[in-house]
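Participant: Mind having a look at this structure? Questions to follow.
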Amino acid sequence: MKSIRELPVIEELPDPFQKADGGRVASRGEWEAQRAALQKMILHYQYGSLPPEPVETFTGRMEARRLDALNALEQEILLMAGTKEAVSFSLYLTLPVADAPVPAIICGDRGWGRVGADIVEAVIRRGYALAEFSREEVAPDSATRQGVYEAYPHYEGGRLAAWAWGFHRVCDYLLTRPEIDPQKIAVTGHSRGGKAALLAGATDTRIALTAPNNSGCGGAGCYRFMGPQSEDIGAIVSQFPYWFHARFAEFVGEIARLPFDQHTLKALVAPRALLSTEALGDLWANPSGTQITHLAAKEVFAFLGAESRIGICFREGGHAHTLPDWSALLDFADMQFRGEVAARHFDRLAFPADRSGFSWRSPGSG
Ligand code: GTR
């Protein structure tokens, strides 16, 4: 990979169809290789690679209780992943009692407390399982090298990559459970948890639906185009350097040299489903820039014949993962997983739809 000085200045959003050899992707058959190259580039410059895949993800103790009012079962399971020095973290799995396998939603934000009872009820009544873990048990939200960093002492990636790995380990486990539909696993999270969920979905094709909430800078937001009062690379890297690979800080003041932007990360999810839920009052999370990455990533979804698989949903209000955000996710998931007619539109824009962020279009669209 090139050093930052060797990278060209690109003022607009970089073209995700541009190949390293100078050509441009022209057919769908070329996308898989292009996706792999883009993923490598994003991990190299921004997050660092994910920790190694463990030989096995296995379970320790399990406690279960019935939630009669919801006709559901709640289990607390200790998950262990790794080889010699296993990383262990707990998972709360709430399962609706059902005759057939159900879709599941993984959320990594349990360190901030369990998802509210109103949200659990909404998820279960809609026939989805909820799998909650705490990212901080996988790797602490600080520079301290614990959790996955103890199991892999030479591991250099930042916390977002370590947390994405945590989502993947929950996936490993859910795929062993006959109650879960293996084709219908979704991931979500709020803010820094949304950044981790987006990275998890971008890097693991077992994840069928990726739904970052208010994820902003380092997530679904945009580095090059920002609304007023948005968090930028300088702010995030000075406050949370350990979320990223050390190399990323070189782009502070040099953002036009970044060979991608967050639309590229979103594009890695295609043609699987992606929903960004955003709050208009959460200016720090750059809602207008998130609309721009949405429109740019949509070019890739359209190219792959999956235009209806990318959605964005704005609500009034501030920085929080609210019941309306979860309801939007459930509506979108019903549409994607169950072929239900959309209960709402997921392409309603909140800002003027000028596409000044990028001049390229998907190959073949003229
Ligand atoms: C902020 C940070 C944001 C966002 C947020 C959160 O302080 O600047 O990028 O991650 O924390 O996680 O709530």
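Participant: Here is a list of conditions, (1) farther than 25 Å from LYS195 by Cβ; (2) touching a strand residue (DSSP E or B) at 6+ places or on another chain (Cβ under 7 Å); (3) not hydrophobic (A, V, I, L, M, F, W, C), and ASP109 meets all of them except one; can you say which number that is?
Facilitator: Result: ASP109 passes all but (1).
Participant: Could you pull out every one of the helices (runs of 4 or more DSSP H) wholly within region 116-164 that has 1 or more residues that are more than 30 Å from PHE337 (Cβ to Cβ)?
Facilitator: Answer list for region 116-164: 148-151.
Participant: Quick one: is GLU136 out of contact with any Leu (no Cβ under 8 Å at 6 or more places or on another chain) and either at pLDDT 95 or above or open to solvent by less than 30 Å² (accessible area, probe 1.4 Å) (or both)?
Facilitator: Details: out of contact with any Leu (no Cβ under 8 Å at 6 or more places or on another chain): yes; either at pLDDT 95 or above or open to solvent by less than 30 Å² (accessible area, probe 1.4 Å) (or both): yes.
Taking the combined requirement at face value, the residue satisfies it.
Participant: A further question on this structure: I need every pair where a residue in region 202-218 that is at negative phi has its Cβ under 6 Å from the Cβ of a residue that is more than 10 Å from the ligand (Cβ to nearest atom) and assigned to a loop (DSSP other than H, G, I, E, B), sequence separation at least 6 or different chains.
Facilitator: Here the result reads ALA208/ARG272; PRO212/ALA220, each pair linking region 202-218 to a residue that is more than 10 Å from the ligand (Cβ to nearest atom) and assigned to a loop (DSSP other than H, G, I, E, B).
Participant: If I go through region 206-216 residue by residue, how many of them are assigned to a loop (DSSP other than H, G, I, E, B) and more than 16 Å from the ligand (Cβ to nearest atom)?
Facilitator: Residues of region 206-216 assigned to a loop (DSSP other than H, G, I, E, B): 206-208, 214-216.
Narrowing the set further to residues that are more than 16 Å from the ligand (Cβ to nearest atom) leaves 206-208.
Qualifying residue count, region 206-216: 3.
Participant: Still on this structure: In region 51-62, which residues are part of a strand (DSSP E or B) and surrounded by 11 or more Cβ atoms within 10 Å (Cβ to Cβ)? Please lay out each step first, then the result.
Facilitator: Going residue by residue through region 51-62, those that are part of a strand (DSSP E or B) are 56-62.
Those that are part of a strand (DSSP E or B) and surrounded by 11 or more Cβ atoms within 10 Å (Cβ to Cβ): GLU56, THR57, PHE58, THR59, GLY60, MET62.
Participant: Filtering region 197-215 down to residues that are in contact with a His (Cβ under 9 Å, 6 or more places away or on another chain) and within 18 Å of ASP172 (Cα to Cα), which residue is most open to solvent (accessible area, probe 1.4 Å)?
Facilitator: Restricting attention to region 197-215, the residues satisfying the condition of being in contact with a His (Cβ under 9 Å, 6 or more places away or on another chain) are 197, 200, 203-204, 206-207, 212-215.
Then keep just the ones that are within 18 Å of ASP172 (Cα to Cα); that gives 197, 200, 203-204, 206-207.
Working: ALA197: 0, ALA200: 0, THR203: 29, ASP204: 16, ARG206: 77, ILE207: 0 Å².
Out of the qualifying residues, it is ARG206.
Participant: Kindly indicate whether any position in region 86-108 is open to solvent by 20 Å² or more (accessible area, probe 1.4 Å), under 18 Å from the mean Cα position of the chain (by Cα) and modelled with pLDDT of 95 or more.
Facilitator: Within region 86-108, none of the residues are open to solvent by 20 Å² or more (accessible area, probe 1.4 Å), under 18 Å from the mean Cα position of the chain (by Cα) and modelled with pLDDT of 95 or more.
Participant: In addition: So in region 180-191, with the set limited to residues that are more than 16 Å from the ligand (Cβ to nearest atom) and surrounded by fewer than 24 Cβ atoms within 10 Å (Cβ to Cβ), which one is farthest from THR264 (Cα to Cα)?
Facilitator: ILE180
Participant: Being farther than 25 Å from GLN75 by Cβ and open to solvent by less than 30 Å² (accessible area, probe 1.4 Å) is the filter here, so list the residues in region 156-179 that pass it. Reasoning before the result, please.
Facilitator: Residues of region 156-179 farther than 25 Å from GLN75 by Cβ: 156-161.
Hits for region 156-179 are GLY157, GLY158, ARG159, LEU160, ALA161.
Participant: Continuing with this model, one more query. Can you pull out every residue in region 241-250 that is in contact (Cβ under 8 Å) with a residue 60 or more places away in the chain and open to solvent by 20 Å² or more (accessible area, probe 1.4 Å)? It would help to see each step written out before you state the result.
Facilitator: Taking region 241-250 first, the residues in contact (Cβ under 8 Å) with a residue 60 or more places away in the chain are 241-248, 250.
Residues satisfying the conditions are PRO241, TYR242, HIS245, ALA246, ARG247, GLU250.
Participant: Here is a list: GLN46, GLN39. Which entry is open to solvent by 10 Å² or more (accessible area, probe 1.4 Å), in contact (Cβ under 8 Å) with a residue 40 or more places away in the chain and either closer than 22 Å to PHE251 by Cβ or not in a strand (DSSP E or B) (or both)? Step through it out loud before you land on a result.
Facilitator: Details: GLN46 fails: open to solvent by 10 Å² or more (accessible area, probe 1.4 Å).
It is GLN39.
Participant: GLY221 passes all but one of (1) under 16 Å from PHE332 (Cβ atoms); (2) within 12 Å of the ligand (Cβ to nearest atom); (3) not polar (S, T, N, Q); which number fails?
Facilitator: With respect to (1) under 16 Å from PHE332 (Cβ atoms); (2) within 12 Å of the ligand (Cβ to nearest atom); (3) not polar (S, T, N, Q), GLY221 is out only on (1).
Participant: Moving on. I want to confirm something. Restricting to region 192-205 and keeping residues that are of a type outside the set (Gly, Ala, Ser) and more than 15 Å from ALA273 (Cα to Cα), which single residue is farthest from the ligand (Cβ to nearest atom)?
Facilitator: Narrowing region 192-205 to residues of a type outside the set (Gly, Ala, Ser): 192, 195, 198-199, 203-205.
Those still in the list that are more than 15 Å from ALA273 (Cα to Cα) too: 192, 195.
On the way: ARG192: 3, LYS195: 7 Å.
Step by step, filter region 192-205, then rank; the result is LYS195.
Participant: Among all residue pairs at least 6 apart or on different chains, which show Cβ distances below 8 Å where the first residue, located in region 185-199, is of a type in the set (Gly, Ala, Ser) and the second is away from the ligand (no atom under 12 Å from the Cβ) and open to solvent by 10 Å² or more (accessible area, probe 1.4 Å)?
Facilitator: The qualifying pairs are ALA186/ALA208.
Participant: Here are some residues: GLY253, GLY194, GLY234, GLY218. Which one is within 23 Å of LEU323 (Cα to Cα) and either at pLDDT 95 or above or open to solvent by less than 20 Å² (accessible area, probe 1.4 Å) (or both)? Don't jump to the end; show me each part of the working.
Facilitator: Working: GLY253 fails: within 23 Å of LEU323 (Cα to Cα); GLY234 fails: within 23 Å of LEU323 (Cα to Cα); GLY218 fails: within 23 Å of LEU323 (Cα to Cα).
Selected residue: GLY194, the only one of GLY253, GLY194, GLY234, GLY218 that is within 23 Å of LEU323 (Cα to Cα) and either at pLDDT 95 or above or open to solvent by less than 20 Å² (accessible area, probe 1.4 Å) (or both).
Participant: Then there's this: Considering only residues of region 72-107 that are in contact with a Ser or Thr (Cβ under 7 Å, 6 or more places away or on another chain) and touching a residue at least 40 places away in the same chain (Cβ under 8 Å), which is nearest to GLY147 (Cα to Cα)?
Facilitator: Ranking the qualifying residues of region 72-107, first place goes to PHE89.
The values are calculated or read from the model by the stated rules, or taken from the named source; none is laboratory data. Since this is a predicted model, take the numbers as computed values, not measurements. Because the Cβ atoms are built from the backbone with ideal geometry, glycine has one as well, and the counts that use them run over all protein chains shown. Surface accessibility is based on the protein's heavy atoms, side chains included, excluding ligands, DNA and RNA. Shrake-Rupley method; radii C 1.70, N 1.55, O 1.52, S 1.80 Å.
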